[in-house]
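The structure under discussion appears below in the form of structure tokens.
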Amino acid sequence: MVILFDGVCNLCNSFVQFVIKRDKTKTFQFASLQSAYGMALCTHFGLPISRQKTIVLYDGQKIYTESDAVIKIARSLNGIWKSVSALMILPSFIRNGVYRIIARSRYKLFGKTEQCMVPSENIKGRFLDDTPFRPK
């Protein structure tokens, strides 16, 4: 599974670091939305590249965005994080409404960097930024 994230968003980068620490089975790979891989995947699925304000989860066949993506990611992590899937009982308009409020304010609340995160050597292989996207 691949998580696309806003590479200049501090909140998004923190979320990626959070997932990496808890993804003991190395289920997830990562790419920034600004990367060639991220843009190609978004184009393939008809997501607007220029205004992407969401985490995107690609499971090899389908994409998930907004709260659905976060919940599916949490469900795959170890420990208490699986319990986040209980939020699926809330209607998506409520979950996504909260998600959009946070997404709209993320730069103000958490700041942003001038460039995408550079992964350390021990996790570099999990980042697909320079890998061509090839749909299955």
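The values are calculated or read from the model by the stated rules, or taken from the named source; none is laboratory data. Note that the structure is a prediction, hence the values are computed from the model and not measured. Backbone-built Cβ (ideal geometry, glycine too); neighbour counts: all protein chains shown. We work out accessible area using only protein heavy atoms, side chains counted, and drop any ligands, DNA or RNA first. Shrake-Rupley method; radii C 1.70, N 1.55, O 1.52, S 1.80 Å.
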Segment LYS108-ARG22, length gained on full extension (0.36 nm per residue, minus Cα span): 28.3 nm
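Go through LYS21/LYS72; LYS21/LYS108; LYS21/LYS112; LYS26/LYS112; LYS24/LYS124; LYS53/LYS124 and tell me which ones have a Cα-Cα distance over 19 Å in this structure.
LYS21/LYS108; LYS21/LYS112; LYS26/LYS112; LYS53/LYS124
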DSSP beta bridge pairing in the chain, given as percent antiparallel to the nearest 5: 60
Leaving ligands, DNA and RNA out of it, report the carbon-plus-sulfur percent of the accessible area of the chain at a 1.4 Å probe. 58
Per residue, accessible area of the chain with a 1.4 Å probe, heavy atoms of protein chains only, in Å², comes to 58
Would you work out which of GLN17, SER35, LEU4 lies farthest towards the positive end of the dipole of the range 1-70? Charges go on Cβ: Lys and Arg +1, Asp and Glu -1. GLN17
Burial order of peptide ranges 2-14, 23-35, 89-101 (average beta-carbon count within 10 Å, highest first): 2-14, 23-35, 89-101
